[in-house]
1. Just one of GLY194, GLY234, GLY149, GLY166 is free of Cβ contacts under 8 Å to residues at least 24 places away in the same chain and either within 15 Å of the ligand (Cβ to nearest atom) or more than 20 Å from GLY87 (Cβ to Cβ) (or both); which is it?
2. Restrict the check to the range 76-86 and report whether at least one residue is surrounded by 24 or more Cβ atoms within 10 Å (Cβ to Cβ), in contact (Cβ under 8 Å) with a residue 12 or more places away in the chain, part of a loop (DSSP other than H, G, I, E, B) and more than 14 Å from the ligand (Cβ to nearest atom).
3. Name the single residue that is surrounded by the most Cβ atoms within 10 Å (Cβ to Cβ) among those in the range 99-119 being more than 15 Å from LEU83 (Cα to Cα) and in contact with an Asp or Glu (Cβ under 7 Å, 6 or more places away or on another chain).
4. How many residues does the range 120-146 contain that are closer than 27 Å to ALA246 by Cβ and surrounded by fewer than 15 Cβ atoms within 10 Å (Cβ to Cβ)?
5. Which members of the range 142-152 meet the condition of being in a helix (DSSP H, G or I) and of a type outside the set (Gly, Ala, Ser)?
6. In the range 131-156, how many are touching a helix residue (DSSP H, G or I) at 6+ places or on another chain (Cβ under 6 Å) and acidic (Asp, Glu)?
7. Taking the range 1-27 as the region of interest, how many residues are touching an Asp or Glu at 6+ places or on another chain (Cβ under 8 Å) and free of Cβ contacts under 8 Å to residues at least 60 places away in the same chain?
8. Only residues in the range 49-64 that are more than 7 Å from the ligand (Cβ to nearest atom) count as the first member; pair them with residues that are in a loop (DSSP other than H, G, I, E, B) and among the basic types (Lys, Arg), Cβ under 6 angstrom, at least 6 apart or cross-chain, and list the lot.
Amino acid sequence: STTQWFSETEAMWPGQKFCLAQEEVLFHGKSDFQDVLVFKSQTYGNVLVLDGVIQVTERDEFSYQEMISHLPLYSHANPKSVLIVGGGDGGVLREVAKHPSVEKIVMCEIDPMVCDVSKKFFADTLATTFNDPRLTLMHDDAAAFLRNGDCGKYDVIIVDSSDPVGPAEVLFRSEFYENMKNALNPNGIVCTQGECLWLHIDLIADVLGRVGGFFPTVQYAYTTIPTYPSGQIGFVLCSLDESPNALNKPKRIVDEKTAENLRYYNSKIHEAAFVLPSFAEKKIAPV
Ligand code: SPD
């Protein structure tokens, strides 16, 4: 039989298209915010696609979810309160919940359909932790939530967004970073989805330049992941801690029990993730 190929929309990566062999469409619908597709792939497990762009495959999601969560959490001495912006598939929540010091997790995901399909089609892989008693889940616009003074204070804010076309566009604006800063406790840390060095170096330089105006310490880190554009995705990390290694040296080491549950993150890769190739360093280092 002929192979069906799913290929990504090329909104932010003109001239290239990533394809996966597709076995079966499990769900396809339109929410109030976006097009939502879940399909079973031939070799990457179930795949979640929003507005034509791959968000998660079961085979490689751990690289992204572990790094966007544990880079900021292990850079903090004692994280107790965490805000997850987006993250409706539950993967980042699963990682945050691995930290026993965390007492309160608030998740602000605009689109309930993302949580619903994850609970149905990724029940054993991503949506494993929605019953954690530390969690408060709200379906709200995070930009509006953070603009109002009642959003609470956090040690770590993780922005697990889609790309800045569509509902996530507002999460890349300066006002959003300023509001996140105001929602942090002393020594608080923000970590956001920071696109790809190969494709979006100008966007990354722009974001880093702007947020450098709000935070004393800003650094970029990245991870490898086969199913994101060009096989790589990065993170913009911002800390209120002014010390030079506030972000690139973990403040805590992974205990043995947690290490058994991690497939990508370790203390060595934490430091390595901040080491940039020369073309990127030249463009974005002097923030
Ligand atoms: N180009 C795709 C970037 C997607 C980042 N967010 C993924 C959500 C996984 N929890």
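Nothing in this text is a laboratory measurement; each read-out follows from the coordinates by a stated rule. This structure is a prediction, so every number in the text was calculated from the model and none was measured. Using ideal geometry, Cβ is built from the backbone for each residue, glycine included, and neighbour counts are taken over all protein chains shown.
1. Values: GLY194 fails: free of Cβ contacts under 8 Å to residues at least 24 places away in the same chain; GLY234 fails: free of Cβ contacts under 8 Å to residues at least 24 places away in the same chain; GLY166 fails: free of Cβ contacts under 8 Å to residues at least 24 places away in the same chain.
When all the criteria are applied, what remains is GLY149.
2. To start, the set of residues in the range 76-86 that are surrounded by 24 or more Cβ atoms within 10 Å (Cβ to Cβ) comprises 76, 79, 82-86.
Narrowing the set further to residues that are in contact (Cβ under 8 Å) with a residue 12 or more places away in the chain leaves 76, 79, 82-86.
Imposing the further condition that a residue be part of a loop (DSSP other than H, G, I, E, B) reduces the set to 76, 79.
Subsequent filtering for residues that are more than 14 Å from the ligand (Cβ to nearest atom) retains 76, 79.
Yes, the range 76-86 has at least one match.
3. If we filter the range 99-119 for residues that are more than 15 Å from LEU83 (Cα to Cα), which is where we start, we get 100, 111-119.
Next, from what is left, pick out any that are in contact with an Asp or Glu (Cβ under 7 Å, 6 or more places away or on another chain): 114-115, 118.
On the way: VAL114: 24, CYS115: 20, SER118: 26.
Looking at the filtered set, the residue picked out is SER118.
4. Within the range 120-146, the subset closer than 27 Å to ALA246 by Cβ is 134, 142-143, 145-146.
Narrowing the set further to residues that are surrounded by fewer than 15 Cβ atoms within 10 Å (Cβ to Cβ) leaves none.
So the count comes out to 0.
5. Just the residues of the range 142-152 that are in a helix (DSSP H, G or I), to begin with: 142-147, 149-151.
Matches in the range 142-152: PHE145, LEU146, ARG147, ASP150, CYS151.
6. Here is the first cut: in the range 131-156, the ones touching a helix residue (DSSP H, G or I) at 6+ places or on another chain (Cβ under 6 Å) are 139, 143, 145-147, 151, 156.
In the following step, the residues that additionally are acidic (Asp, Glu) were identified as none.
Final tally of qualifying residues: 0.
7. Keep residues of the range 1-27 that are touching an Asp or Glu at 6+ places or on another chain (Cβ under 8 Å), which gives 4, 9, 11-12, 16-19.
Within this subset, residues satisfying the condition of being free of Cβ contacts under 8 Å to residues at least 60 places away in the same chain are 4, 9, 17, 19.
Summing the residues that are touching an Asp or Glu at 6+ places or on another chain (Cβ under 8 Å) and free of Cβ contacts under 8 Å to residues at least 60 places away in the same chain in the range 1-27 gives 4.
8. PHE62/ARG263
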